[in-house]
Amino acid sequence: MKIHEHQARDLLHSYKIPVPPGRMITSVSHAADAFSEAVAGSPTGEVVIKAQVHAGGRGKAGFVKLVKNKDDAVAAAKFMLTNRMKSPQTPPEGLEVKKVLIAQAAEIAKRGASGHEEFYLAITTDRKSRRNILIASREGGVEIETVAHERPDAIIKVPLHPLLGLQAFQAREVAFKLGFKGKQINQAVGVMISLSKLFVEKDCTLAEINPLVLTPPTKENPDGQVIAIDAKFSFDENGLFRHPEIASLADTAEENPAETRAQKYGLSYVALDGQIGCLVNGAGLAMATMDIIKLEGQKLLESKGIKDKTIEPANFLDVGGSASEEAVTEAFSIILSDDRVKGILVNIFGGIMKCDVIAQGIINAARGFKNKDGSTGFKVPLVVRLEGTNVEAGRKLLQDAKGSLPTLQAATDLSDAAKKVVAAVAG
C-alpha cells in the first residue's frame, strides 16, 4: 500500500524528522489561503505546489511548480486540478489529480559551483541477504535507479541487524561518507535512526526520503539544518491489521479498481497486459500458470512465423484455498471487466477445496455470469484444469456441463490447458 507525499510528510514529522510546513488542498478556492500559510516565515519567499498522485515524473510533467505570489499559486493549483498528469510512470491517458500539496520551499545549501546539498536516503528489504538495508547517496533529488546504473560507487548500502536495527555507529559512518560535518552529523544520524524505527514499527516495505537536504547556515543554525523535502512510503498489506491508522490513509481512487474489488472478496489480483485471464488457487501455482501461458503462447506464434505479436497472461489471480462460489463468481467478473481478455484458464489443485465442489462453483458462476449486453454465460473460451481431491467427480461435472456452456473445455493437465487456451485465443 502506498500513501501520498503530504501523508508521508506527516508521518516523518510524527517521528521528529524535520519537514517544511505545508497544507494539502482539494479545491482551487483554498489555494490562496494555503499559499499565505506556507509563505509565512519562508526563507526564500517561495512556495512549492505539488500534485498528489501515486506516480513519479511530476516535475518533468509540469506538476511541481515554484511560485512567489498568490496569483501564481492559484494558477498552478487550477492547472493541476483540472488536467491529467502524464509521465513515463502513468497510464497513457494520465492520472486525474484530486489533491495538491502547497508547502514552504526550502533553501538548499550550494555544493561547489553548480550543485546543491541534496541526498538520497531509504530503507527497504534486501531479498538476497534477507535483511533490511539502509541505502544512501550524495546524489539526491534524482532517480536512484539511474545513479545505481551509471555510478554504482555513489551508492552506500548498510545491512541492518535483524533485532537491533540500525545502530548509531553505523548511522555516523554513513553521515561521514555523505559529507556531513559538525552539528550536521548528529542531525543526519537522528534522521536515519528515526527512519529505521519508523520502517520497522509501521511494517514498511519502503521508507524513502528523496531528497534529504542541507540548508544554508543561519544565526540560529550555524551549520545549517538537515530536513526532508520529499518522501515515499510503501507498506506491507499483510501487516495493516496492526496499523489501522496507516490503513485509513489508503486512497482507493489511486488504485486499480479491479484490485480494490478483489480485496473485498479476499482475492489476490494483479492486472497485467495480456489476453488470457487466470483463475488459480495458490500463489505459486498461479505464477507457474502464468509462466506456461507465456511459454505456450510463444511456441504457437513461432510455429506460425508470427513475430510482432505476443500471447500472455492478463492477470495474476489467487482465489485461495477455500474460495466460495460467490468469490469465484466475483473473480470471473473481475477478469472479464478487462476488455483485453479473450480467454480464461482456470487451474485448480484440490486439497482443502475439493475438485467437485469447485467444478460446480465454476459451472454455476459461468452459467449465471451477466455480460455487458445483458446476456448470460461466457462468450470467451473457458479452459478448466482440475487435479487433486475428487478430481474424477469434478471432471465429470465439467463434461456434463458442456451442453449449456459451449465455450468450456476440460484439460487433462496444466500443459494441455495452456495449449488449449492459447490456441483458442490465437484463433
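A count restricted to region 153-206 and to residues that are within 25 Å of residue 220 (Cα to Cα), at pLDDT 95 or above and basic (Lys, Arg) stands at 1.
Residue by residue, here is whether (1) under 30 Å from residue 74 (Cβ atoms); (2) in contact with a Lys or Arg (Cβ under 9 Å, 6 or more places away or on another chain); (3) touching a residue at least 12 places away in the same chain (Cβ under 8 Å); (4) outside the structural domain of residue 47 (by TED's automatic domain parsing) holds:
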| position | (1), (2), (3), (4) |
| --- | --- |
| 117 | no, yes, yes, yes |
| 135 | no, yes, yes, yes |
| 139 | no, yes, yes, yes |
| 150 | no, no, no, yes |
| 157 | no, no, yes, yes |
| 164 | no, no, no, yes |
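In region 84-95, what count of residues is obtained for those that are surrounded by fewer than 19 Cβ atoms within 10 Å (Cβ to Cβ) and either among the small types (Gly, Ala, Ser) or in contact (Cβ under 8 Å) with a residue 24 or more places away in the chain (or both)? Here the count works out to 6.
Do you know which of the residues in region 131-153 that are more than 13 Å from residue 196 (Cβ to Cβ) and in contact with a Phe, Trp or Tyr (Cβ under 9 Å, 6 or more places away or on another chain) is surrounded by the fewest Cβ atoms within 10 Å (Cβ to Cβ)? Per the stated criteria, the residue is 142. Using the structure shown, decide if residue 259 is closer than 20 Å to residue 366 by Cβ, in a helix (DSSP H, G or I), modelled with pLDDT under 85 and out of contact with any helix residue (DSSP H, G or I) (no Cβ under 8 Å at 6 or more places or on another chain). No, not satisfied. Residue selection: residue 171 satisfies the criterion of being out of contact with any Asp or Glu (no Cβ under 8 Å at 6 or more places or on another chain) and among the small types (Gly, Ala, Ser). Quick check: is even one residue across region 294-301 without any contact (Cβ under 8 Å) to a residue 24 or more places away in the chain, among the hydrophobic types (A, V, I, L, M, F, W, C) and over 19 Å from residue 377 (Cα atoms)? Within region 294-301, not a single residue is without any contact (Cβ under 8 Å) to a residue 24 or more places away in the chain, among the hydrophobic types (A, V, I, L, M, F, W, C) and over 19 Å from residue 377 (Cα atoms). Selection of region 273-300 for residues being under 23 Å from the mean Cα position of the chain (by Cα), modelled with pLDDT of 90 or more and farther than 19 Å from residue 328 by Cα yields 274, 275, 288, 291. Does region 201-218 contain any residue that is free of Cβ contacts under 8 Å to residues at least 12 places away in the same chain, assigned to a helix (DSSP H, G or I), closer than 30 Å to residue 7 by Cα and not aliphatic (A, V, I, L, M)? Scanning region 201-218 turns up at least one residue that is free of Cβ contacts under 8 Å to residues at least 12 places away in the same chain, assigned to a helix (DSSP H, G or I), closer than 30 Å to residue 7 by Cα and not aliphatic (A, V, I, L, M). All of 303, 337 fail the test of being assigned by TED's automatic domain parsing to the domain that holds residue 364, among the hydroxyl-bearing types (Ser, Thr, Tyr) and under 27 Å from the mean Cα position of the chain (by Cα), apart from 337.
Residue 250 - would you say it is touching a Phe, Trp or Tyr at 6+ places or on another chain (Cβ under 7 Å) and either within 30 Å of residue 384 (Cβ to Cβ) or not basic (Lys, Arg) (or both)? No, not satisfied. Evaluation of residue 39 against the conditions (1) β-branched (Val, Ile, Thr); (2) surrounded by fewer than 19 Cβ atoms within 10 Å (Cβ to Cβ); (3) touching a residue at least 60 places away in the same chain (Cβ under 8 Å); (4) farther than 30 Å from residue 204 by Cβ shows that the sole unmet condition is (2).
Among the residues of region 99-143, the ones that are touching a His at 6+ places or on another chain (Cβ under 8 Å) and part of a loop (DSSP other than H, G, I, E, B) come to 4 in all.
Of the residues 65, 99, the single one that is under 22 Å from residue 229 (Cβ atoms), basic (Lys, Arg) and more than 23 Å from the chain's Cα centre (by Cα) is 65.
The values are calculated or read from the model by the stated rules, or taken from the named source; none is laboratory data. None of these values were measured; they are calculated from a predicted model. All Cβ positions, even for glycine, are placed from backbone atoms using ideal geometry, and neighbour counts span all protein chains on display.
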